[in-house]
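To keep things clear, I will list the structure first and then write my remarks on it.
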Amino acid sequence: MAVAVAGVLVAAGAISYAVAEDGSSDSVPAAESADAGFARDMAVHHQQAVEMSYIVRDRTDDEEVRRLAYDIAQTQANQRGMLLGWLDLWGLPKVSADPPMTWMGMGDMATGKDGALMPGMATNSELKQLNKLSGKQAVVLYLQLMTDHHKGGIHMAEGCVDKCTVGVEKRLAQGMVDAQQSEIDLMAGMLKERGAKARP
């Protein structure tokens, strides 16, 4: 099943690259727009997913989890590059003085406590714990953290689908919603097979 999901994700990435070329037909968004805010915030969100995925690949011999981690790392690194590339194309800054998720009307919710800048993001303490664990313990924590991470990412992507105005970005956001929900379902099964479950 992991291979099937991976195939879908690779295909989704190829589609994203293809449609990125039609971005020139859309008007350039403003620095405080949902389009720019989503691009900045999701780039940060994705970077942590890439980091966690490479951590677990070094902490386990579980080939199913290693494949999933590699697929997540590659997909989200590619999408992150697209988001940052659009900011460059639009001539907009990659950082903002506003709190994360301000573009969603949720800037007051991002406390940044222990390094978790946005909903779903792992804390610095959780990342340190992941770095210390190995084998099944590392796998279970990774799947739990990534499930939370995807839930937060889906919430943000749905916000872009609703609020963004650049067509190619809205399509990418919808692709993120679909792919990450599929991965959440896959990870639920993987956790169950390993005698664990997602965190409440």
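The values are calculated or read from the model by the stated rules, or taken from the named source; none is laboratory data. Because the structure is a prediction, the values reported are computed rather than measured. Using ideal geometry, Cβ is built from the backbone for each residue, glycine included, and neighbour counts are taken over all protein chains shown. Side chains are part of the model used for accessible areas, which takes the heavy atoms of the whole protein and leaves out ligands, DNA and RNA. Shrake-Rupley method; radii C 1.70, N 1.55, O 1.52, S 1.80 Å.
Some observations on this one:
- The chain: relative contact order as a whole-number percent, Cα under 8 Å and 6+ apart: 27
- Judged by the mean number of other Cβ atoms found within 10 Å, the most tightly packed of the peptides 47-54, 192-199 leads the ranking 47-54, 192-199.
- Of 113/163; 94/170; 163/192, pairs whose Cα-Cα distance is over 24 Å: 113/163; 163/192
- Label reach from residue 199 (point 7 Å along Cα→C-beta): in segment 133-149, amide nitrogens under 16 Å belong to 133, 137-149.
- Accessible area expressed per residue, segment 57-157, with surrounding protein chains retained (probe 1.4 Å, Å²): 48
- Fraction of accessible area attributable to carbon and sulfur, the chain (%, probe 1.4 Å): 55
- Contour excess over end-to-end distance, with Cα ends at residue 94 and residue 109 and 0.36 nm allotted per residue: 3.3 nm
- Kyte-Doolittle mean at least 0.5 and Cα axial length at least 24 Å: DSSP H helices in the chain: 2-20
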